[in-house]
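The values are calculated or read from the model by the stated rules, or taken from the named source; none is laboratory data. Treat the numbers as computed from the prediction; the structure is a model and nothing was measured. Because the Cβ atoms are built from the backbone with ideal geometry, glycine has one as well, and the counts that use them run over all protein chains shown.
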Amino acid sequence: MSVPSQPLPHLSADSPRGPHERRLAELPLTVLVGVTGVGKSTALAALTAADPAARVLPDRREITDHAMILPLAGGPVADRAERFRLTALYRERHPGGMAHALGGLTADTSYWGERPIFDGLRGLEEVRHAAERFPLWRFVALNAPDAVRVRRLLGRGDAFDRVAVQEGGDLREQLAALSGVEAVFTPAELDDLAALTGEGHTPADLLAKTRIVVTERAHYDPDAASAFLLTLPPTRALILDTVKLSPEQVADAIREWA
């Protein structure tokens, strides 16, 4: 299998050697927790705008590519559903998934500082592994309803949000036929999603974004993660609703809590 040709900036899987090198496991990270479309990137943008000194580690996508996808697949993988499959395989081999991968990295603190921010962890398994193994880490869970997440994915135009879908046919029937959809959306919610074609969204895009949310839900349960975080001391966990709060309010809440 091939491995990434470009290292992560000022991060490595090697043991600490220099005077400023520390395992991320030993640093008081602030870790954002949430699935795709809950508003993590928007909140981070507001947070760094308010605090330019904040140091944000390479995001989940970059570390996933470096530590999981490329070693397993031998090359880049764009399809979101296939990426979920590969990361699930990584979790089978390494309990904790992304938390395991992140905690094993060594950081140059002269670049990243002593209290970097990471975006982010997903689901109960990753969050519990991180909380139990890395006692200095603190967690900010961002939550939003699944239907809101689909709308946000439709609006953000990220080329990364791609899955293979078969075009043609009745959109409402195709949405209902998605594997696992009944565990995520009610029939009324699927009606509302199908009606979004009236706002200019294509059936293929609606189907793809809904499939991303459904597929991710099959691998990561945000409700279970938040429920676990509520068992931690309030100094270690903060849970925020990104529908009720604006990105600026989310950033302010994080800064006040930190």
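Residue count for the range 172-186, restricted to those that are assigned to a helix (DSSP H, G or I) and either of a type in the set (D, E, K, R) or closer than 19 Å to ALA144 by Cα (or both): 5.
Every condition in (1) modelled with pLDDT of 95 or more; (2) outside any loop (DSSP other than H, G, I, E, B) holds for PRO28 except the one numbered (2).
Listed here are the residues, each with its yes/no results for (1) aliphatic (A, V, I, L, M); (2) closer than 22 Å to VAL38 by Cβ; (3) crowded, with 19+ Cβ neighbours inside 10 Å.
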| position | (1), (2), (3) |
| --- | --- |
| PRO76 | no, no, no |
| ARG80 | no, yes, yes |
| ALA88 | yes, yes, no |
| ASP119 | no, yes, yes |
| VAL127 | yes, yes, yes |
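Against the conditions (1) under 21 Å from ALA225 (Cα atoms); (2) touching a Ser or Thr at 6+ places or on another chain (Cβ under 9 Å); (3) part of a loop (DSSP other than H, G, I, E, B), THR64 satisfies every one except (3).
If you check ALA46, ALA53, ALA99, ALA107, which single one turns out to be of a type in the set (A, V, I, L, M), modelled with pLDDT of 95 or more and outside any helix (DSSP H, G or I)?
ALA107
Look at ARG162 and say whether it is in contact with an Asp or Glu (Cβ under 7 Å, 6 or more places away or on another chain), at pLDDT below 95 and charged (D, E, K, R). Here the answer is yes, as ARG162 does meet what is asked. Among the conditions (1) within 18 Å of VAL31 (Cβ to Cβ); (2) at pLDDT 95 or above; (3) small (Gly, Ala, Ser), the only one that SER246 does not satisfy is (1).
I'd like to know if the range 4-20 contains one or more residues that are surrounded by 20 or more Cβ atoms within 10 Å (Cβ to Cβ) and closer than 28 Å to ARG149 by Cα.
Scanning the range 4-20 turns up no residue that is surrounded by 20 or more Cβ atoms within 10 Å (Cβ to Cβ) and closer than 28 Å to ARG149 by Cα.
Between ALA53, ALA25, the distinction of being surrounded by fewer than 22 Cβ atoms within 10 Å (Cβ to Cβ), more than 27 Å from GLU132 (Cα to Cα) and over 14 Å from the mean Cα position of the chain (by Cα) belongs to ALA53 only. Of all residues in the range 188-203, none satisfies being surrounded by 21 or more Cβ atoms within 10 Å (Cβ to Cβ) and either closer than 25 Å to GLU126 by Cα or charged (D, E, K, R) (or both).
Residues are listed down the side, and each one gets a yes or a no for (1) small (Gly, Ala, Ser); (2) in a helix (DSSP H, G or I); (3) touching a residue at least 60 places away in the same chain (Cβ under 8 Å); (4) within 17 Å of VAL38 (Cβ to Cβ):
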{"site": "ALA188", "(1), (2), (3), (4)": "yes, yes, no, no"}
{"site": "ASP192", "(1), (2), (3), (4)": "no, yes, no, no"}
{"site": "LEU206", "(1), (2), (3), (4)": "no, yes, no, no"}
{"site": "ARG211", "(1), (2), (3), (4)": "no, yes, yes, no"}
{"site": "THR231", "(1), (2), (3), (4)": "no, no, no, no"}
{"site": "LEU238", "(1), (2), (3), (4)": "no, no, yes, yes"}
{"site": "VAL243", "(1), (2), (3), (4)": "no, no, yes, yes"}
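So if I check each of ARG17, ARG22, which one is in contact with a strand residue (DSSP E or B) (Cβ under 9 Å, 6 or more places away or on another chain), more than 14 Å from ASP119 (Cβ to Cβ) and modelled with pLDDT of 95 or more? Exactly one residue qualifies, and that residue is ARG22. Note on the range 111-132: residues that are of a type in the set (Gly, Ala, Ser) and part of a loop (DSSP other than H, G, I, E, B) amount to 1.
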